[in-house]
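What follows is a set of notes on a single structure, which appears directly below.
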Amino acid sequence: WIFMWAFVLIAGAGAGLAVDGQAAVSAVYQRSGEIVLARRLDGRWDRQVLAESGASGAPAMAVDAQGKLRIAYLAADGALVSMTDRDGGWTSAVVDPAAGFLPGASGVAVAVDPSGFAHLAYYRCGAVGGGKCPAGDLVHATDKHGPWETQTLDAAGDVGLRPAIFAAPDGRVHVTYY
């Protein structure tokens, strides 16, 4: 095994990273309210603004078996937004209009199951505009059955910060959180 490391300065808040089947690296990050995608193509980084304004916090990203990206981020209005390039161009959908956000928290994680469906684990705060959360919940969302469906996984106290999610080869979804 030979590992080669390259360090790239990304000017923005937090970053989601993904590597597709051809070893192409992609990073998504939030910069001054924009969602920016950086892809390593032909030896150089190509940057594309996916959302012009309204993002808050660090986005998350996963890649499916066809090399298509699934991105999720919290918007400044408190909505959880999903983006994908599955159909050839970028499309977005509101997953949870009242997810809220907690400034400085890593509140969303993305995984894609073997069938190509996205799974999000996120911290539903409900506070909009930078307010303090009285108590947050850990929530799972998926587009497995068409439109986005959400399910609260844990609501005991203030839970769900810094979630991580993994879709196993057998289709089971695993979530960890703080």
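The values are calculated or read from the model by the stated rules, or taken from the named source; none is laboratory data. Everything numeric here is computed off the predicted structure, so don't read it as measured data. Glycine also receives a Cβ, built like all others from the backbone with ideal geometry; neighbour counts cover every protein chain displayed. Surface accessibility is based on the protein's heavy atoms, side chains included, excluding ligands, DNA and RNA. Shrake-Rupley method; radii C 1.70, N 1.55, O 1.52, S 1.80 Å.
Taking (1) open to solvent by 10 Å² or more (accessible area, probe 1.4 Å); (2) at pLDDT 85 or above; (3) under 16 Å from residue 18 (Cα atoms) in turn, residue 71 satisfies each apart from (1).
Go through the stretch 60-100 and give me each residue that's part of a loop (DSSP other than H, G, I, E, B) and more than 27 Å from residue 25 (Cβ to Cβ). Reasoning before the result, please.
Just the residues of the stretch 60-100 that are part of a loop (DSSP other than H, G, I, E, B), to begin with: 64-68, 76-79, 85-90, 97-100.
Correct list: 76, 77, 78, 79, 97, 98, 99, 100.
Any chance you could count how many residues in the stretch 20-58 are farther than 22 Å from residue 112 by Cβ and open to solvent by 80 Å² or more (accessible area, probe 1.4 Å)? Explain how you work it out, then say what you get.
First, pick out the residues of the stretch 20-58 that are farther than 22 Å from residue 112 by Cβ: 31-34, 42-47, 49, 52-54, 56.
Imposing the further condition that a residue be open to solvent by 80 Å² or more (accessible area, probe 1.4 Å) reduces the set to 31-32, 42, 44, 47, 52-53.
The total comes to 7.
Is it true that some residue in the stretch 5-19 is within 20 Å of residue 85 (Cα to Cα), crowded, with 16+ Cβ neighbours inside 10 Å and modelled with pLDDT of 85 or more? Yes. The set of residues from the stretch 74-91 being buried (at least 16 other Cβ atoms within 10 Å of the Cβ) and of a type in the set (Ser, Thr, Tyr) comprises 82, 84.
Close contacts from the stretch 138-163, counting a first residue that is of a type in the set (Ser, Thr, Tyr) and a second that is loosely packed, with under 14 Cβ neighbours inside 10 Å, with Cβ to Cβ under 7 Å and a gap of 6+ residues or different chains, come to 142/149.
Taking the criterion of being touching an Asp or Glu at 6+ places or on another chain (Cβ under 8 Å) and open to solvent by 60 Å² or more (accessible area, probe 1.4 Å), the only residue of the stretch 156-178 that qualifies is 177.
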